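Asks: First the structure, then my questions, so here it is.
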Amino acid sequence: MAFAVLISAAAVSCSNPADELREKLEKATASGTVYFGHQDDLMYGHSWNANDDGDHSFTRSDVYSSCGAYPYVLGLDLGGLELGDEKNLDGNIFSMMREAAVIQDERGGIVTLSWHLHNPLTGGDAWDNSSDKAVASILPGGERHEMFLGWLDRVCDFIISCKDASGKQIPFIFRPWHEHNGGWFWWGFKTCTPEEYNALWKMTYNYLVKEKGIDWMLWAISPGAGAGGDNFDSWMSRYPGDEYVDILGTDCYEHSTGDLEKDHEIFIKTMKRALGNLSVMAEKRGKILAVTEAGFESIPEPEWWTEVLGKAIEGFPISYVLCWRNANGLPGPHHYYAPWPGQCSEDNFKKFTENGKILVLKP
Ligand code: BMA
């Protein structure tokens, strides 16, 4: 009997793409290596845009142009999908995002999904924090609850539609309701109570996993560190519970004050503090650690990768670090977080990805 139980557990573990993804992430941390990630990497870069060009090859990438390999983790955002839009909030065509996700998976890489969704009560964007009733309105019994389930249905349809050639689901890292200890999103600490936030997460999880059967994703929670008084020490009051979370990450950026040395020092200190907190928690609770977003807009420091980011994450068992997008369009040509050919940190980035610790995806 015990033998039979063991066999069936092994069979289940092999057949669920989420287990394979978990193993991949744990392998990185066990060997002291870190997957490098970049938001929207295959969709557009500093001076090109696959959406506008109708280029379905997904061979272009600013990271590839800078170091000869693709990011191991591709970040994509679902913002706009909830309304049935054809493109996401940054101009990515959803059907092309699906193609990119499938190709990233085929290449052996990982895909993570974030969601800058509209405010369900006011109709504004994710940054519309004008009402403290938005979260309450979509919880069971709230006036927008049914409407919100329709939004979740669209997310489910997209996730389910992402399959490889053999019909296997793409195992996403799903990262909803991020930076919730900040006050800029409508689900942030200023506009909902800890109880409402936790109920929001559980409702989302239960709907996707229990109701819709989407059990092939890992769920990542990502408090922000550093920006505008981050309440980091108390972020745990907004944590739905161990059964709803697989990955503990942080979103942590360097900000420019005009004094680079000072900016680096603050960033390294902030990152280390956040990872110090999260690594203890991850170890205790058996969770995977990650830097879910990072970067320094415009990367004005030529040695930023090895001397700043590398030092900030050194010594922590993080599975991946994802740098934010290289905007092509709004909010402007300065909004980029990974190097591109000719960018001042390009050589240093190459060095960073060649030290054996930072893993990129060789084609
Ligand atoms: C922010 C900025 C915005 C973008 C949003 C969602 O950090 O990059 O321009 O719309 O992320 O990707």
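Asks: If one computes the Cα centroid of the range 337-363 and of the range 174-243, what distance in Å separates the two points?
Replies: Going from one Cα centre to the other spans 31 Å.
Asks: Working out 0.36 nm times the residue gap between Asp52 and His334, then minus their Cα-Cα distance, what length gain in nm do you get to one decimal?
Replies: Values: separation 282, 0.36 × 282 = 101.52 nm, distance 1.98 nm.
Fully extending the segment from Asp52 to His334 adds 99.5 nm.
Asks: Considering just Cα atoms, how many Å³ per residue does the convex hull of the range 217-363 enclose? Let's see the in-between values first.
Replies: Working: hull volume 21.1 nm³, N = 147.
Given the Cα convex hull of the range 217-363, per-residue volume reads 143 Å³.
Asks: Could you tell me the distance between the Cα centroids of the range 114-137 and the range 73-93, to the nearest Å?
Replies: The range 114-137 and the range 73-93 have Cα centres separated by 16 Å.
Asks: Positive end of the dipole of the chain, charges at C-beta (+1 Lys, Arg; -1 Asp, Glu), about the Cα centre: which of Asn88, Ser298, Ala274 has its Cα farthest in that direction?
Replies: Ala274
Asks: Can you compute log10 of I(q)/I(0) for the range 1-147 with the Debye formula, treating each Cα as one identical point scatterer, at q = 0.09, 0.18, 0.19 Å⁻¹?
Replies: So the normalised log intensities are -0.43, -1.05, -1.09.
Asks: Calculate how large, on average over all directions, the projected area of the Cα convex hull of the range 176-300 is; give the answer in nm² to one decimal.
Replies: 8.2 nm²
Asks: In terms of the ratio Rg/(2.2 N^0.38 Å) built on C-alpha atoms, what value belongs to the range 78-217?
Replies: Working: Rg = 15.2 Å, N = 140, 2.2 N^0.38 = 14.4 Å.
This ratio for the range 78-217 stands at 1.06.
Asks: For the chain, take the convex hull of the Cα atoms, compute a quarter of its surface area, and give me that in nm², please.
Replies: 18.2 nm²
Asks: With no solvent and one equal point scatterer placed on each C-alpha of the range 144-194, evaluate the Debye formula and give log10 I(q)/I(0) for q = 0.23, 0.25 Å⁻¹, two decimals.
Replies: Rounded to two decimals, the profile gives -0.93, -0.97.
Asks: On to the next question. What is the spin-label model distance, in nm, from Arg107 to Ser131 if the labels are put 7 Å beyond Cα along the C-beta direction?
Replies: Placing both labels 7 Å along Cα→Cβ, they lie 4.1 nm apart.
Asks: What's the magnitude of the charge dipole for the range 163-283 around its Cα centre, counting Lys and Arg as +1 and Asp and Glu as -1 at the beta-carbon? Answer in Debye, nearest 20. Before the final figure, lay out each step's value.
Replies: Details: 12 positive and 18 negative charges, 73 e Å.
Rounded to the nearest 20 debye, it is 340 debye.
Asks: Report the FRET efficiency, 1/(1 + (r/R0)^6), for Ser15 and Leu260, where r is their Cβ-Cβ distance and R0 is 56 Å, rounded to 0.05.
Replies: 0.65
Asks: Give me the percent of Cα-Cα pairs in the range 59-136 that sit more than 21 Å apart, rounded to a whole number. Walk me through the numbers on the way to the answer.
Replies: Details: 1214 of 3003 pairs.
That tail contains 40 percent of the Cα-Cα pairs.
Asks: Can you tell me what the convex hull of the Cα atoms of the range 258-302 projects to on average, as an area in nm²? It would help to have the intermediate numbers written out before the result.
Replies: On the way: hull surface 14.7 nm².
Across all orientations, the range 258-302 yields a mean hull projection of 3.7 nm².
Asks: If you put +1 on each Lys and Arg Cβ and -1 on each Asp and Glu Cβ, how big is the dipole of the range 95-212 around its Cα centre, in Debye rounded to 20? Please list the in-between numbers first.
Replies: On the way: 12 positive and 15 negative charges, 52 e Å.
Roughly 260 debye for the range 95-212.
Asks: Of Trp151, Trp187, Trp177, which is the most mobile in a GNM of the chain whose springs link Cα atoms less than 10 angstrom apart?
Replies: Maximum fluctuation in the GNM of the chain, among the listed residues, is at Trp151.
Asks: What do you get for Rg/Rh over the range 121-177 if you use C-alpha atoms and the Kirkwood form of Rh? Could you put the intermediate results ahead of the total?
Replies: Working: Rg = 14.9 Å, Rh = 13.5 Å.
Answer for the range 121-177: 1.11.
Asks: Stokes-Einstein diffusion coefficient for the range 295-359 at 20 °C in a medium of 1.002 mPa s, Rh from the Kirkwood formula over Cα pairs: what value in µm²/s?
Replies: The diffusion coefficient I find is 172 µm²/s.
Asks: Also, quick follow-up: Only Cα pairs within less than 10 Å get springs; with that Gaussian network setup on the chain, which residue of Pro331, Pro317, Pro120 has the largest fluctuation?
Replies: Pro331
Asks: Ok, one more. Just to be sure I understand: of the beta bridges DSSP finds with both ends in the chain, what percent are antiparallel, rounded to 5?
Replies: Numbers: 6 of 40 bridges.
Of those bridges, close to 15 percent are antiparallel.
Asks: FRET efficiency for Arg285 and Asp85, Cβ-Cβ distance as r, R0 = 56 Å, nearest 0.05?
Replies: On the way: r = 37 Å, r/R0 = 0.65.
The value I calculate is 0.95.
Each reported figure results from applying straightforward, stated rules to the coordinates on display, with no laboratory input. Being a predicted model, the structure only gives us computed values, none of them experimental. Using ideal geometry, Cβ is built from the backbone for each residue, glycine included, and neighbour counts are taken over all protein chains shown.
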